[in-house]
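Right, one structure below, let's go through it.
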Amino acid sequence: MGLKRKILELHKKREAVLKGGGDKAIEKQAAMGKMTARERIISLCDPDSFHEYDLFVEHEARDFDMDKKVLHGDGVIIGTGTIHGAPVCLFAQDFTVAGGSLGMMHARKITKIMDHALKMKVPLIGINDSGGARIQEGVNSLAGYGEIFFRNTLSSGVIPQISVILGPCAGGAVYSPALTDFVFVVDKISKMFITGPEVIKTVLGEEISMEDLGGARVHSEITGNAHFFAKSEAECFNQIKKLVSFIPWNNMKKAARVEPREPKPEYKISDIVPGDPRQPYDIRDVIKAIADDSDFFEIQEMWASNMVIGFGRMNGETIGFVANQPLVLAGVLDVDSSDKAARFIRFCNAFNIPIITLVDLPGYLPGIDQEHAGVIRHGAKVLYAYSEATVAKMTVILRKAYGGGYIAMSSRHLRADFVFAWPTAEIAVMGPEGAANIIFRKEIMESKDPDKTRKQKVKEYKEKFANPYVAAARGYVDSVIEPEETRKLLLHAIEVSGNKSVFLPNKKHGIPPF
Amino acid sequence: MKPEKNKVYSFIPGTILKVFVKEGQCVRKGEDLLTLEAMKMQNLIKSPVEGIVKSLNVKEGVKVPKGKLMVELGFNQDMEDT
């Protein structure tokens, strides 16, 4: 046989495998409104950049007549490609092949590309679309999941890990995405749960649809398991590409710089924040007034919206923004918002991304629900994450910074590198109403007109303490600045902290309250 | 089991400062319903869905406890929960 014939033979072999589960299964996938695994990878990677590995892998199962079945690529595609020129390792489960079920060789392909990602120090992107464990392969399937989870954990904080849920992801399979840094979901396509509607009905008698139990909206609005919500797969891939442009390849690198741009003129910082501290506003407009090109890429937009997190750039460098949102629940800290902020701060710290914190919050949310939901240990995560972070930390206090909320939101005491406060800042142990009632309780009670006295005392307290100057007098605030100066001074702070180094006590790892 | 998105409860005790809607009025998703002053903030409460104000259970100036059903919205038959 000549070389030509051998090459022809290769082409033929490839052609068969590239069809995945065959035309019928591909039609079914399309009827569900889903792209095929291969189409997904091609849409996600730069043109002609994807190189596939292990195309000819076959399963070894012998029981239940499995030896008679051919499963192309064993139901998963793995390989390397580039996104905006950045190298990435990818896997995509192929639902057209045995429902993308995870058998031993399927798992081995995934762990092979995971090992590769960790060795090459490049981001890992996993596209999940699988019916779950391949039951015919028994405990080998479970072993496969375990090997994946182990590698997710090993890679955590070394390379960015991204999970994309484009179909079912149920049972044990959900724990790989849960261990990764960012989870992307698409409306009506993504479904994630530990136990599905049928089991829930059998065991508990409760009826619920897959969509209401673990659809894309549920995970974006209620559980907080998902970070990005898209209406279509195409939109989802654009979100992933944008995220990849903001993050570094690994924990030894900085994110790629882009050409710096001034914020757009329509975001005028002094017009956004009302002088009356009881008036809400959208903190995202302030971020847009500060960030390059007014470009803010928000994460977990629909969950715990009283806290805003996401990426932007300053002078072309990626920055993590953490900000209270006065528009939602007055911007209070609670169980979910603490959890959301803490995880993001840890991501930024692991991947050398400076953090800018914008503070305007009345404090922690009071209530029995919150206390019983464990706001003590969840709230502690924010303190832990900020204290442990050694990246440059810049804090701007816009208006309210009271009590525990003041301490938690990247205060000087948790080693913020720069603390700026606007003249409208109110930094105090508690709000004027509460404080006056406690400090002047006797005077108010014994007064002829308690209401009048209370109002008088509140006013006095407010004038004396609800300002930035008491904290500035102790050096807790470095500078009281005009709102218009915010971007200029933050750029200066980033420039100054370019070579920041901090020495921490030696330890195996800390024990954060999770 | 599904959370009832058409019911707007007070998230914390506070005072109703302003009411922007009347019973029977159509509202879009995100439209202002009322202002609830609580947590040192005049919180704008917006409509979580598109629909009709089925019942309005608060007035300007009243104090509300936590978890009070302030506004209930109804759907038109042809309206979809977006």
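What the table below lists for this structure:
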| quantity | calculated |
| --- | --- |
| Of the criteria (1) open to solvent by 60 Å² or more (accessible area, probe 1.4 Å); (2) more than 30 Å from A:Asp285 (Cα to Cα); (3) of a type in the set (A, V, I, L, M), which one A:Val496 fails | (2) |
| Members of region A:332-358 that are free of Cβ contacts under 8 Å to residues at least 60 places away in the same chain and either closer than 16 Å to A:Arg284 by Cβ or part of a strand (DSSP E or B) (or both) | A:Ser337, A:Ala341, A:Phe344, A:Ile355, A:Thr357 |
| Condition met for A:Ala421 (buried (at least 22 other Cβ atoms within 10 Å of the Cβ) and out of contact with any strand residue (DSSP E or B) (no Cβ under 8 Å at 6 or more places or on another chain)) | no |
| Members of region A:218-242 that are touching a helix residue (DSSP H, G or I) at 6+ places or on another chain (Cβ under 9 Å), surrounded by 17 or more Cβ atoms within 10 Å (Cβ to Cβ) and either outside any helix (DSSP H, G or I) or within 14 Å of chain B (Cβ to nearest Cβ) (or both) | A:Val218, A:Gly224, A:Asn225, A:Ala226, A:His227, A:Phe228, A:Phe229, A:Ala230 |
| Conditions (1) in a loop (DSSP other than H, G, I, E, B); (2) open to solvent by 10 Å² or more (accessible area, probe 1.4 Å); (3) at negative phi; (4) modelled with pLDDT of 95 or more: number failed by A:Ser130 | (2) |
| Search result, residues across region B:1-15 that are within 18 Å of B:Pro65 (Cβ to Cβ), within 12 Å of the chain's Cα centre (by Cα) and within 14 Å of chain A (Cβ to nearest Cβ) | B:Val8, B:Tyr9, B:Ser10, B:Phe11 |
| Single match in A:Phe150, A:Phe182 (criterion: open to solvent by less than 20 Å² (accessible area, probe 1.4 Å) and out of contact with any helix residue (DSSP H, G or I) (no Cβ under 6 Å at 6 or more places or on another chain)) | A:Phe182 |
| Total residues in region B:16-43, condition within 11 Å of another protein chain (Cβ to nearest Cβ) and in contact (Cβ under 8 Å) with a residue 24 or more places away in the chain | 6 |
| Residues that are away from chain B (no Cβ under 14 Å) and either within 14 Å of A:Asn324 (Cβ to Cβ) or touching a helix residue (DSSP H, G or I) at 6+ places or on another chain (Cβ under 8 Å) (or both), drawn from region A:267-284 | A:Tyr267, A:Lys268, A:Ile269, A:Ser270, A:Ile272, A:Arg284 |
| Residues that are part of a strand (DSSP E or B) and among the β-branched types (Val, Ile, Thr), drawn from region B:4-46 | B:Val8, B:Thr15, B:Ile16, B:Val19, B:Val27, B:Thr35, B:Ile45 |
| Yes/no for A:Ala255 being in a loop (DSSP other than H, G, I, E, B) and either open to solvent by less than 40 Å² (accessible area, probe 1.4 Å) or within 14 Å of chain B (Cβ to nearest Cβ) (or both) | yes |
| Looking only at region A:228-247, and only at residues there that are touching a Ser or Thr at 6+ places or on another chain (Cβ under 8 Å) and not aromatic (Phe, Trp, Tyr), the one that is farthest from A:Gly167 (Cα to Cα) | A:Ile247 |
| Every pair of residues 6+ apart whose Cβ atoms lie under 8 Å, when the first sits in region A:449-465 and is open to solvent by less than 90 Å² (accessible area, probe 1.4 Å) while the second is of a type in the set (S, T, N, Q) and not in a helix (DSSP H, G or I) | A:Thr453/A:Ser447 |
| Residue list for region A:185-207, filter: over 18 Å from A:Gly167 (Cα atoms) and in a loop (DSSP other than H, G, I, E, B) | A:Gly205, A:Glu206, A:Glu207 |
| Pairs, first farther than 19 Å from A:Pro263 by Cα in region A:481-500, second among the acidic types (Asp, Glu) and surrounded by 19 or more Cβ atoms within 10 Å (Cβ to Cβ), C-beta under 8 Å, six or more apart | A:Ser497/A:Asp417; A:Lys500/A:Asp417 |
| Residue among B:Ile45, B:Ile12 that alone is modelled with pLDDT under 90, buried (at least 18 other Cβ atoms within 10 Å of the Cβ) and farther than 29 Å from A:Ser209 by Cα | B:Ile12 |
| Counted residues, region A:424-448 - those being loosely packed, with under 14 Cβ neighbours inside 10 Å and outside any helix (DSSP H, G or I) | 2 |
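The values are calculated or read from the model by the stated rules, or taken from the named source; none is laboratory data. Source: prediction; values computed, not measured. Virtual Cβ from ideal backbone geometry, glycine too; neighbours counted across all protein chains shown. Surface accessibility is based on the protein's heavy atoms, side chains included, excluding ligands, DNA and RNA. Shrake-Rupley method; radii C 1.70, N 1.55, O 1.52, S 1.80 Å.
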